[in-house]
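Visitor: Pasting in a structure now, in structure tokens, and then I'll have a few things to ask.
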Amino acid sequence: ILINRADRLGLAELYQLRGRVGRSSQRAYAYLLVPPEATLSDIARKRLAAMKEFSELGAGFRIAALDLELRGAGNMLGRQQHGHIEAIGFDMYCQMLERAVAKLRGEEAAPDLRTTLNLGLDVRIPQQYIPSENLRLRTYKRISTIGSEAEKQDVRKELEDRFGALPPSVENLLDYAVLKSMCERLRISAVERQGSRIAVRFHPETTVDPAKLVSVVRSRAGIKPDPSGVLWIELKRGEAVPVVLRNVLLGLHGQS
């Protein structure tokens, strides 16, 4: 196949045309004819370079991702979009869309809840541990997706393999991620350390079983609920705050 003025075609079009020739047992050729490189636009050069680089089987996803990067995300998410999605943000838009679909299906949508966790611990990734700022930001995002103890251990092992032994602040950050996920499943709106006490504030639509709450209160001295929807936990000297909170949350989940 001969493709004249290939610089005028889009990346997806070139990829589709190239894929029309040849079979597994029959060799074929696609020739892209373009003017001298000096006259090509910058984006055309990038498209042609991508066609050279992504030539192996299964490269379609990488081609699509690069095409999106070169052309932009379209009017709905781009700068020329109509409405307020640029101010709302893509993540919030997806959450609103998910709730709207659930409502149309007659499903009960769970309240959008993000637990505020403040235990007075250092939860940062030191620059000495991960010097690259972009890599630190990606690591923060990776840790924020942790939803269980098993996922925490996987991330912990990955960090140890790449960067060495974890400093205490990163250990705290991993604990925070698991605790935050546990709180959000129980619809706990906030957890705050106040001196020698921890205040666990329940959302009005919390899913905590009253019987499990009573069991937790009886299981440890110094745990008291109050009518405003706050569970107070007294800390003993030398106790690790994340461990105490985790045990209480496990009890509220009905786990020993």
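The values are calculated or read from the model by the stated rules, or taken from the named source; none is laboratory data. This structure is a prediction, so every number in the text was calculated from the model and none was measured. Don't worry about glycine lacking a Cβ; one is built from the backbone with ideal geometry, like all the others, and counts go over all protein chains shown. Ligands, DNA and RNA are excluded from the accessible area calculation, which covers all protein heavy atoms including side chains. Shrake-Rupley method; radii C 1.70, N 1.55, O 1.52, S 1.80 Å.
Visitor: Going through the range 2-12 one residue at a time, which ones are surrounded by 10 or more Cβ atoms within 10 Å (Cβ to Cβ), at negative phi and at pLDDT 85 or above? Talk me through it step by step, then tell me what you get.
Guide: At the first step, the residues of the range 2-12 found to be surrounded by 10 or more Cβ atoms within 10 Å (Cβ to Cβ) are 3-12.
From what is left, the residues that are at negative phi are 3-4, 6-12.
I3, N4, A6, D7, R8, L9, listed by residue number.
Conditions (1) outside any loop (DSSP other than H, G, I, E, B); (2) polar (S, T, N, Q); (3) out of contact with any Pro (no Cβ under 9 Å at 6 or more places or on another chain), marked per residue:
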position	(1), (2), (3)
K224	yes, no, yes
S228	no, yes, yes
E239	no, no, yes
V244	yes, no, yes
V248	yes, no, yes
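Visitor: Take the residues in the range 79-108 that are closer than 29 Å to E192 by Cβ and open to solvent by less than 50 Å² (accessible area, probe 1.4 Å); name whichever of them is modelled with the lowest pLDDT.
Guide: If we take residues in the range 79-108 being closer than 29 Å to E192 by Cβ and open to solvent by less than 50 Å² (accessible area, probe 1.4 Å), then G89 is modelled with the lowest pLDDT.
Visitor: Taking the range 218-250, which residues are open to solvent by less than 20 Å² (accessible area, probe 1.4 Å) and farther than 22 Å from S169 by Cβ?
Guide: Residues satisfying the conditions are I223, V230, L231, I233, V248.
Visitor: Next question, about the same structure. Which pairs do you get when a residue that is part of a strand (DSSP E or B), found in the range 10-32, comes within reach of a residue that is charged (D, E, K, R) and open to solvent by 100 Å² or more (accessible area, probe 1.4 Å), reach meaning Cβ atoms under 8 angstrom, with the pair 6+ apart or on two chains?
Guide: That search, which allows pairs on different chains as well, returns nothing.
Visitor: Of all residues in the range 148-180, how many are of a type in the set (G, A, S) and open to solvent by 20 Å² or more (accessible area, probe 1.4 Å)?
Guide: 4
Visitor: Taking the condition of being among the hydrophobic types (A, V, I, L, M, F, W, C) and open to solvent by 50 Å² or more (accessible area, probe 1.4 Å), how many residues in the range 184-217 meet it?
Guide: Matching residues across the range 184-217 total 2.
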